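Let me begin by presenting the structure, written as structure tokens, before commenting on it.
The values are calculated or read from the model by the stated rules, or taken from the named source; none is laboratory data. These numbers come from a predicted model, not from an experiment. Here the Cβ positions follow ideal geometry from the backbone for every residue, glycine too, while neighbour counts run over all protein chains shown. What goes into the accessible areas is simple: the full protein's heavy atoms, side chains included, and nothing from ligands, DNA or RNA. Shrake-Rupley method; radii C 1.70, N 1.55, O 1.52, S 1.80 Å.
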Amino acid sequence: MTHTLTAPCSYQEDIKKSRFAAYATPVSSVDEAMRFFAERGDPEATHNCWAYRIGQEYRFNDDGEPGGTAGRPILQAIEGQDMDRVAVLVVRWFGGVKLGAGGLVRAYGGCAANCLRLGERTEIVDLATVSCTCGFAELPLLKSRLAQAGAAILQEDFNAEGAALRFTVPRAAVAELAVTVANITRGRAAWDPT
């Protein structure tokens, strides 16, 4: 099961005199992630390191830290918690004590992971959009079955023969729902998953 955040969250920690602040937010596009980094980043900080994952798209940035010690550990924190559609920024204000490569990896990855752990999350459900038609007599029962399957009706049009519905439903329920609709309408319904 993959999750995303339901709201932005943050976490702060001091590690060997350096202050680390992590900010995470749900995002649905690369532009949204980049805007979040630009808005939350602190130009006065020593480093503004970040990572995002949106489906198969991901990117990370070390912002001047040694290669692979900041952005990649942040991305690994996202993936390690089965998160998707999130952007995480970790800001560091250098406190005078060098952490070394291993220390940086632990600091950035740990700060990002703690931030994501504190965030409120929700499961990402893969939805399918379906169009279907039915007669007026079958409509109340059909709508009841759609609701039970977790469908959300997007559009409802009426004509002389009955109703045409367009709705989203969890992809896992599409096949079973097709059989239910065929039974309710005795095979007369048009059924078109897109």
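Restricting to DSSP H runs of at least four residues, report the calculated mean residue ellipticity at 222 nm for the chain, -39500 (n - 2.57) per run over all residues, nearest 500 deg cm²/dmol.
On the way: 5 runs with 61 residues, N = 194.
Result for the chain: -10000 deg cm²/dmol, rounded to the nearest 500.
How large is ³J(HN,Hα) for each residue in the stretch 100-115, as worked out from phi by the Karplus curve 6.51 cos²θ - 1.76 cosθ + 1.60 (θ = phi - 60°), to whole Hz, x for Gly and Pro?
So the Karplus estimates, Gly and Pro as x, are x, 4, x, x, 5, 4, 5, 5, 5, x, x, 5, 5, 5, 5, 4 Hz.
Evaluate the charge dipole of the stretch 61-122 about its Cα centre and quote only its size in Debye, nearest 20, assuming +1 on the Cβ of each Lys and Arg and -1 on the Cβ of each Asp and Glu.
I would put it at about 200 debye.
Over the chain, with a Gaussian network built from C-alpha contacts below 10 Å, which listed residue (L89, L139, L116) shows the highest mean-square fluctuation?
It is L139.
Quick one: work out Rg over Rh on the C-alpha atoms of the chain, Rh as Kirkwood radius.
Using only Cα positions, Rg/Rh for the chain is 1.23.
Report the relative contact order of the chain, percent, no decimals, based on alpha-carbon pairs under 8 angstrom and at least 6 residues apart. Don't skip to the answer; put the middle values down first.
On the way: 400 pairs, mean separation 45.0, N = 194.
Dividing the mean separation by the residue count of the chain yields 23 percent.
Using a 10 angstrom cutoff on alpha carbons, build the Gaussian network for the chain and name the most mobile of N159, N61, N114.
N159
May I ask you to list the GluC sites (Glu not before Pro) in the stretch 30-70 that are in a DSSP loop and have at most 10 other Cβ atoms within 10 Å of their Cβ?
E44
Can you tell which of I184, A160, V88 lies farthest toward the positive end of the dipole of the chain, using +1 and -1 charges on the Cβ of basic and acidic side chains (Lys, Arg; Asp, Glu)?
Of I184, A160, V88, it is V88.
Farthest toward the dipole's positive end in the chain, which of V30, F136, G110, given Cβ charges of +1 (Lys, Arg) and -1 (Asp, Glu) about the Cα centre?
Highest projection toward the positive end goes to G110.
When the Kirkwood hydrodynamic radius is evaluated over all pairs of different C-alpha atoms of the stretch 63-105, what value in angstrom, to one decimal, is obtained?
Values: mean 1/r = 0.0865 Å⁻¹.
When all Cα pairs of the stretch 63-105 are included, the Kirkwood radius is 11.6 Å.
How big is the charge dipole of the chain about its Cα centre, in debye rounded to the nearest 20, if each Lys and Arg gets +1 on its Cβ and each Asp and Glu gets -1 on its Cβ?
460
Given Cβ point charges of +1 (Lys, Arg) and -1 (Asp, Glu) and nothing else, what value in debye, to the nearest 20, does the dipole of the stretch 82-194 about its Cα centre take?
Value, rounded to 20: 620 debye.
Rolling a 1.4 Å sphere over the protein heavy atoms, what is the accessible area per residue of the stretch 1-135, to the nearest Å²?
Accessible area per residue, the stretch 1-135: 49 Å².
Give the lysines whose C-alpha is closer than 23 Å to that of K98, dropping any in the same chain fewer than 8 places away, or say none.
Filter leaves K16, K17.
At most 15 other Cβ atoms within 10 Å and a DSSP loop assignment: could you name the GluC sites (Glu not before Pro) in the stretch 82-186 that fit?
The qualifying sites are E120, E161.
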